[in-house]
Amino acid sequence: HRLPNFCAGPAAIPTPVLMRAQEELLDWQGRGLSVMEMSHRSKDYIAITQKAETQLRSLMEIPDNYKVLFLQGGASLQFSAIPLNLLNGGRADYLTTGAWSGKAIKEAQRYAALGLGEINLVATGKESNFTDVPAQSEWNISDDASYFHYCANETIHGLQIFEPPQVDAPIIVDMSSCILSQPIDVSKFGMIYAGAQKNIGPAGLVIVIIREDLLGQASEWCPMLLNYEHQVDKESMSNTPATYSWYLAGLVFDWLEEQGGIAAIGKINQQKAALLYDTIDNSTFYNNPVAPKHRSIMNVPFTLAYSNLDKVFLEESEKAGLLNLKGHRDVGGMRASIYNAVPLEWVQLLVDFMKDFEKKYA
Ligand code: PLP
């Protein structure tokens, strides 16, 4: 009994992955114990982590001059780790396109206030209520930035930037809610990071993919656990890692390979998003305010023509077995998160429900 789950995070995990985890839970490969109970220094566990890294490298075609880390503290702790590792007395550029990139710059500004360097806001989409991104010709870009930070997919506002901006500084990108959803060219980025609980696996894990030349510049104030060079040296095991989440990420990577990899899943993601946006656009009852070229293919917020129907929509959708459609309180209305683990059939069930609801109440 598993129901269509449109949660923004922690999000749905593919059912075959959970079935395999269940199968292996008590006795992993005949060793008489669960992965949860293994030493992170054991040969078996190291093999699990190496397999996961090799798979991620192959799925994302990560070039050899990038290191891959499996850390803790979520994407939010990277908001601190980034200036602590990379600001280095210089100046960093930040683009604000919604709630998450807003939090990232706010955290970085705390380190600037300590004298670690300067933080420059290049542009903000606030005037449009984060439904659009200001044109790059209007950005206030620094000549000599240590790095340029942005969020590729604003989970709350449903706004996605599909191509990295053309800037000279190394690009640091938050891909928490869009990693592994469609092919990207890793070599265009200095660093990619993503909390696991959307497209990677359970919460408790954050992945950092960092170009080697960006290592070794951390501030002396940087906690060792946040120091990327240190974590590279320790193979993400400076302390006990999130062992079970890391293992489950490996099972998700197996599943992704079985689906045909990222290009194949990307095509399904496009179909899912098109089905949902077409339904919204072909009705006067539902609305999505985001500029079409920035509409997220992972998080689709929408409002109803009458907000007093929100409660009814949520009650009836839950009764119909469609879970977690409530929008974020900052945006209101509804939000359907349609990550990799959400099949096209679930989105079809959702749009069928939406059409029936519209007929009934419009
Ligand atoms: N960045 C984005 C785009 C997110 O969607 C989220 C969380 O949902 C975060 C950062 C924060 O992630 P975490 O809760 O792992 O710190």
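Laboratory data are not the source of any read-out in this text; all were calculated from the coordinates shown. Nothing here was measured: the structure is a model prediction, and the numbers come from that model. Please note: Cβ atoms are built from the backbone with ideal geometry, for glycine as well, and neighbour counts cover all protein chains shown.
Assorted remarks:
- Which of HIS40, PHE357, GLY73, positive extreme of dipole for the chain (C-beta unit charges): PHE357
- Only the Cβ atoms of Lys and Arg (+1) and of Asp and Glu (-1) were treated as charged; on that basis the dipole of the chain about its Cα centre amounts to roughly 740 debye.
- Segment GLU315..ASP281, full-extension length gain: 9.9 nm, with 0.36 nm per residue of separation and the alpha-carbon distance subtracted.
- For the range 266-272, 3J(HN,Hα) per residue [Karplus equation, 6.51 cos²θ - 1.76 cosθ + 1.60, θ = phi - 60°, Hz, x = Gly/Pro]: x, 5, 5, 4, 4, 5, 4
- Counting charges near TRP246 (Lys, Arg +1; Asp, Glu -1) among other residues having Cβ under 12 Å from its Cβ returns a value of -1.
- 3J(HN,Hα) from dihedral phi, the range 185-191, Karplus parametrisation 6.51/-1.76/1.60, rounded to Hz, x for glycine, proline: 9, 4, 5, 7, 10, x, 8
- Counting every other Cβ atom within 10 Å of each residue's Cβ, VAL331, VAL290 order from fewest to most as VAL331, VAL290.
- Karplus-derived 3J(HN,Hα), 6.51/-1.76/1.60, for each residue of the range 253-264, Hz, glycine and proline x: 5, 4, 4, 4, 4, 5, 6, x, x, 6, 4, 5
- Around ILE141: net Lys/Arg minus Asp/Glu count, Cβ-Cβ under 12 Å: -4
- Estimated [θ] at 222 nm from DSSP helical runs (n ≥ 4, -39500 (n - 2.57)) normalised by residues in the chain, nearest 500: -11500 deg cm²/dmol
- Measuring how big the range 272-362 is from its alpha-carbon positions, Rg and Dmax come out at 12.0, 34 Å.
- Comparing Cα centroids, the range 91-106 and the range 134-211 end up 11 angstrom apart.
- A simple count of charges around SER80, restricted to other residues whose Cβ falls under 9 Å of its Cβ and scoring Lys, Arg +1 and Asp, Glu -1, yields 0.
- Reachable lysines from LYS43, criterion Cα separation under 26 angstrom, eight or more residues apart if same chain: LYS51, LYS67, LYS234
- Considering only LEU33, LEU116, LEU275, the Gaussian network model of the chain with Cα springs below 10 Å gives its largest mean-square fluctuation to LEU33.
- Both the radius of gyration and Dmax for the chain are 20.9, 62 Å, in that order, over alpha-carbon atoms.
- Taking each of LYS267/LYS360; LYS188/LYS326; LYS272/LYS326; LYS272/LYS311; LYS293/LYS326; LYS198/LYS267 in turn, the alpha-carbon distance tops 27 angstrom for LYS267/LYS360; LYS188/LYS326.
- Cβ-Cβ distance of ASN140 and GLU220, R₀ of 30 Å, FRET efficiency by 1/(1 + (r/R0)^6): the value works out to about 0.50.
- Neighbour-count ranking [beta-carbon atoms within 10 angstrom, fewest first] of TYR111, TYR94: TYR111, TYR94
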